[in-house]
Amino acid sequence: MKKIAIVGSGGFAREVLTLINDINKQSPIYEFIGFVDYDKSKKIHSYPIIGSDDDVNMITEPLSLVIAVGEPELKKKIRNKYTNPHIDFPTLIHPSVLIGDKNSVHIGEGCVICAGCIITTDIEINNFVTLNLMCTVGHDTIIGNYSSFMPSVNISGEVKINEGVYVGTGAKIINQIEIGEQTIVGAGAVVARTLPSRCTAVGIPAKVIKYHE
């Protein structure tokens, strides 16, 4: 079995632990050894904090890491801290996930795809993407690195989502549009038009309310 640890110790980290346990129920793959954080004095569900990022960079045996962080920019910064050649970043896919055409769906490294998601056909999901519970991804969609989708996001067909996009719970993205990099879509929004980079959009239909430097 592969030794695996979760980077982070918040609520999503605990959800990722349940995902790992569900994968192991179907086919034992991972030996979970603990969480990566700075406070070594605490335990989470009886599991230890095994050390900080610096500690993990010094290990001398193979270790799989899952970055259990929702915020895209932080997720990218954390990934870039790891230079240890003994570390790998597996993609975790819950056993309940439905992938329509596995031959035409590409999923990169370090992704977390939670229970109840549906991914159809001719889809490219790049590295370190998070699809939280019950998300759907329609045909011919491209999702950029580090993007995160909270529970029950619906992405229609022929959508392009660039790097570092964050989409809130229950948002809907209509077909044949593009969302620029590092854009935030508010919970419950309906994105019916292309959105520029580095903005926040909310509402039905989603409208830009501010831009980010």
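The values are calculated or read from the model by the stated rules, or taken from the named source; none is laboratory data. Predicted model only: the values in this text are computed from it and were never measured. Here Cβ is always computed from backbone atoms with ideal geometry, including for glycine, and neighbour counts include all displayed protein chains. Surface accessibility is based on the protein's heavy atoms, side chains included, excluding ligands, DNA and RNA. Shrake-Rupley method; radii C 1.70, N 1.55, O 1.52, S 1.80 Å.
Quick look at the numbers
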{"item": "I209 being hydrophobic (A, V, I, L, M, F, W, C), outside any loop (DSSP other than H, G, I, E, B) and open to solvent by 30 Å² or more (accessible area, probe 1.4 Å)", "result": "yes"}
{"item": "Out of T169, T200, sole residue that is out of contact with any Leu (no Cβ under 6 Å at 6 or more places or on another chain), without any contact (Cβ under 8 Å) to a residue 60 or more places away in the chain and assigned to a strand (DSSP E or B)", "result": "T200"}
{"item": "The range 153-171, residues that are more than 17 Å from the chain's Cα centre (by Cα) and surrounded by fewer than 20 Cβ atoms within 10 Å (Cβ to Cβ)", "result": "S156, G157, E158"}
{"item": "Any hit, the range 102-115, residues being at pLDDT below 95, part of a loop (DSSP other than H, G, I, E, B) and surrounded by fewer than 18 Cβ atoms within 10 Å (Cβ to Cβ)", "result": "yes"}
{"item": "Residue in the range 178-197 that is most open to solvent (accessible area, probe 1.4 Å), counting only those that are more than 19 Å from S152 (Cα to Cα), in a loop (DSSP other than H, G, I, E, B) and without any contact (Cβ under 8 Å) to a residue 24 or more places away in the chain", "result": "R193"}
{"item": "Only listed residue being open to solvent by 60 Å² or more (accessible area, probe 1.4 Å), free of Cβ contacts under 8 Å to residues at least 60 places away in the same chain and over 18 Å from A115 (Cα atoms), chosen from S9, S41, S52", "result": "S41"}
{"item": "Subset of the range 55-72 (residues that are surrounded by 14 or more Cβ atoms within 10 Å (Cβ to Cβ), in a loop (DSSP other than H, G, I, E, B) and among the aliphatic types (A, V, I, L, M))", "result": "I59, A68, V69"}
{"item": "Residues satisfying the stated conditions in the range 12-38, i.e. open to solvent by 70 Å² or more (accessible area, probe 1.4 Å) and not hydroxyl-bearing (S, T, Y)", "result": "R14, E15, K25, Q26, P28, E31"}
